[in-house]
1. Note down the magnitude of the dipole of the chain about its Cα centre, charges +1 on Lys and Arg C-beta and -1 on Asp and Glu C-beta and zero elsewhere, to the nearest 20 debye.
2. With every protein chain left in place, what is the accessible area per residue of the chain in square angstrom, probe 1.4 Å?
3. Need one value: the accessible area of Leu128 in square angstrom, 1.4 angstrom probe, rounded to the nearest 10.
4. In a shell of Cβ-Cβ distance under 15 Å around Asp170, excluding Asp170 itself, what net charge do Lys and Arg (+1) and Asp and Glu (-1) give?
5. Based on the Cα atoms of the range 114-226, what semi-axes does the equivalent ellipsoid have, where each is the square root of 5 times one gyration tensor eigenvalue, given in whole Å with the largest first?
6. Would you please give the FRET efficiency between Asn192 and Ile108, computed as 1/(1 + (r/R0)^6) with r the Cβ-Cβ distance and R0 = 25 Å, to the nearest 0.05?
7. If you place +1 on the Cβ of every Lys and Arg, -1 on the Cβ of every Asp and Glu, and leave all else neutral, what size is the dipole of the range 90-205 about its Cα centre, to the nearest 20 Debye?
8. Going by amide H atoms built from the backbone, whose H comes under 5 Å of the H on Ile267, apart from near neighbours?
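The values are calculated or read from the model by the stated rules, or taken from the named source; none is laboratory data. It should be emphasised that the depicted structure is a prediction, and the values quoted were computed from it without experimental measurement. Counting neighbours? That spans all protein chains shown, and the Cβs are built from the backbone with ideal geometry, glycine included. Just the protein is used for accessible areas: all its heavy atoms, side chains included, with ligands, DNA and RNA removed. Shrake-Rupley method; radii C 1.70, N 1.55, O 1.52, S 1.80 Å.
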Amino acid sequence: MRNNRLSNIYDRRTVIRSNEVVADGHYLLRCECAEIAQHARPGQFIHVMVSQDTGMLLRRPFTIYTVDGHEITMLYQIIGEGTKRLSEMPVGEPLHVLGPLGNTFDFITHPEPAILVGGGAGIASLMLLATALRKNGIETIGLVGAQRQERLLSVADLEAIGITVHIATDDGSIGHHGYVTDTLIDLLEKMNWHRPTIYACGPHGMLSVVAKIAANYGVPTQIAMENRMGCAMGVCLGCVCPVRTDTDTIEYQRVCTEGPVFNATDIVWDI
Ligand SMILES: Cc1cc2nc3c(=O)[nH]c(=O)nc-3n(C[C@H](O)[C@H](O)[C@H](O)COP(=O)(O)OP(=O)(O)OC[C@H]3O[C@@H](n4cnc5c(N)ncnc54)[C@H](O)[C@@H]3O)c2cc1C
Ligand code: FES
């Protein structure tokens, strides 16, 4: 069990500095939030108010993608009304941002390879971690999956910090033709490491496969869950996921406060 939630949380009104398309249906939004930038840790997220219209009052959660001085970015996919509206917001538009929220990825500073597995927009949750791993001199390999080449994310950003990236696309338009989890098996079969660690984020089905592969190969794995959220403050219980406790019972934990990062072996995948 892990619970390393940090305590500094800020509710800030900022303005959008840039909000640009980076791939088909995906945008990178940049804004200034000095305190959030200062306290953000890998895996943590912000809760963003997209609109104050009736029906849009719930904030939307997004992982902090990068931190640069007083600025943070978020990389997001258009899914529904909230993210569509967000994509239409121009530079200079005010934005309410709450964060940094949630717990963080743990990493040990052994010179052992870290394997990042990102499916679709899930790779966004691994970028701040990727930066921290490289800053600590940890060899890191990125496995990035997308439906097709036009929707591929973050490859250049990962390569720019010295990460070797293997790509998989569902339609075979670039890289391995198939799932990103195929490239994980391939890597674990070919490589002869002492103690790799896997960090993963993506669709629930992909994450459950990553957890099974990790268990088969005995590789410790941390997973960032992206359940739908209401309050993001631990109150509404809208985000819970089933987790196996130390006494081997199952309890529902809040992804917003006990997560979003869990050990893959703690999550009960088949409920
Ligand atoms: C901790 C956390 C971090 C996240 N980080 C990122 C990120 O960095 N980049 C990114 O692109 N997305 C991220 N997400 C997902 C993002 O929050 C949702 O895609 C967004 O809230 C959808 O809002 P919407 O108004 O566009 O869609 P809605 O109109 O709310 O929903 C549209 C449809 O998508 C489904 N849906 C909405 N949210 C989710 C979800 N989380 N899981 C499964 N189905 C969903 C709904 O059931 C509905 O069918 C994160 C989620 C969490 C919990
Ligand atoms: S979103 Fe309300 S408890 Fe997690």
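1. 420
2. Values: 12440 Å² over 271 residues.
Accessible surface, normalised per residue, equals 46 Å².
3. So the heavy atoms of Leu128 present about 20 Å² to solvent.
4. It works out to a net charge of -2.
5. They are 18, 17, 13 Å, listed from largest to smallest.
6. 0.80
7. For this selection, approximately 220 debye.
8. Those qualifying (amide H under 5 Å, at least 5 residues apart or on another chain) are Arg244.
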